[in-house]
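I have placed the structure first, in the form of structure tokens, so that the comments after it can refer back to it.
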Amino acid sequence: CHHGQPAPMVKQSRANGIDCYIIGEQSLGAPEVKDVAGAAADGVVYGACFVMPQTEPSEAGIPALVDFFQAYLDRFGKMCASEVAVRCYDGMYLLKAAAEKAGSTDGTAIRDALYTITDYDGLQGTFDFSIGAGEGLTESRLYIIDGGKDILLEDYLKNQ
């Protein structure tokens, strides 16, 4: 889906009688899906590394993310405008870990050390660079919208 399309698609699907789970990718978790579709967004399941809280850090749902967003709010007096802060946070700590592993600030040495990182727990998930493609995340979390809130699917299913 392209930006702006998921919200009306969800709303129209529900208006046309589709009452099952709607499953898709990260764009289904965009705030405008809940804003535009309202209660029709309940039952939307999507994959994402994390949820960007809109008003309170606790909306992130994962303790490390809640702590990160609370620290951001405390420092800057407002919530993050985009997911870039989380991505940069993980990126900088991965760079630090790779430099420490390399024992050097040489770019090639850091790159080579990065490819040996297999279990770095970041905000977005566990990074594993051992496949050598340069992408450390190979999984995302699953969320469901319920009561207008983004909930980890595994937590939602435990309560059903």
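The values are calculated or read from the model by the stated rules, or taken from the named source; none is laboratory data. Being a predicted model, the structure only gives us computed values, none of them experimental. Virtual Cβ from ideal backbone geometry, glycine too; neighbours counted across all protein chains shown. Note: areas computed on protein heavy atoms with side chains; ligands, DNA, RNA excluded. Shrake-Rupley method; radii C 1.70, N 1.55, O 1.52, S 1.80 Å.
With the condition kept exactly as written, say whether any residue in region 119-134 is open to solvent by 30 Å² or more (accessible area, probe 1.4 Å), within 13 Å of the chain's Cα centre (by Cα) and not charged (D, E, K, R).
Yes, some residue in region 119-134 is open to solvent by 30 Å² or more (accessible area, probe 1.4 Å), within 13 Å of the chain's Cα centre (by Cα) and not charged (D, E, K, R).
With the structure loaded, tell me whether ALA102 is over 19 Å from the mean Cα position of the chain (by Cα), open to solvent by less than 20 Å² (accessible area, probe 1.4 Å), at pLDDT 95 or above and hydrophobic (A, V, I, L, M, F, W, C) or whether it fails that test.
Taking the combined requirement at face value, the residue does not satisfy it.
Whether any residue in region 66-85 is more than 30 Å from GLU32 (Cα to Cα), of a type in the set (Phe, Trp, Tyr) and either open to solvent by 40 Å² or more (accessible area, probe 1.4 Å) or at pLDDT 90 or above (or both) is what I want to check.
Checked region 66-85: no residue is more than 30 Å from GLU32 (Cα to Cα), of a type in the set (Phe, Trp, Tyr) and either open to solvent by 40 Å² or more (accessible area, probe 1.4 Å) or at pLDDT 90 or above (or both).
Mind checking which residues of region 5-23 are of a type outside the set (A, V, I, L, M, F, W, C) and open to solvent by 30 Å² or more (accessible area, probe 1.4 Å)?
GLN5, PRO8, LYS11, GLN12, SER13, ARG14, ASN16, GLY17, ASP19, TYR21
Consider only pairs whose beta carbons are under 7 Å apart and that are at least six residues apart or on different chains; among these, list those whose first residue lies in region 95-115 and is farther than 15 Å from PHE129 by Cα and whose second residue is open to solvent by 80 Å² or more (accessible area, probe 1.4 Å) and part of a helix (DSSP H, G or I).
Short answer, once both residue conditions are applied: none.
Out of (1) farther than 15 Å from ALA64 by Cα; (2) among the charged types (D, E, K, R); (3) not in a loop (DSSP other than H, G, I, E, B), the odd one out for ARG87 is which?
(1)
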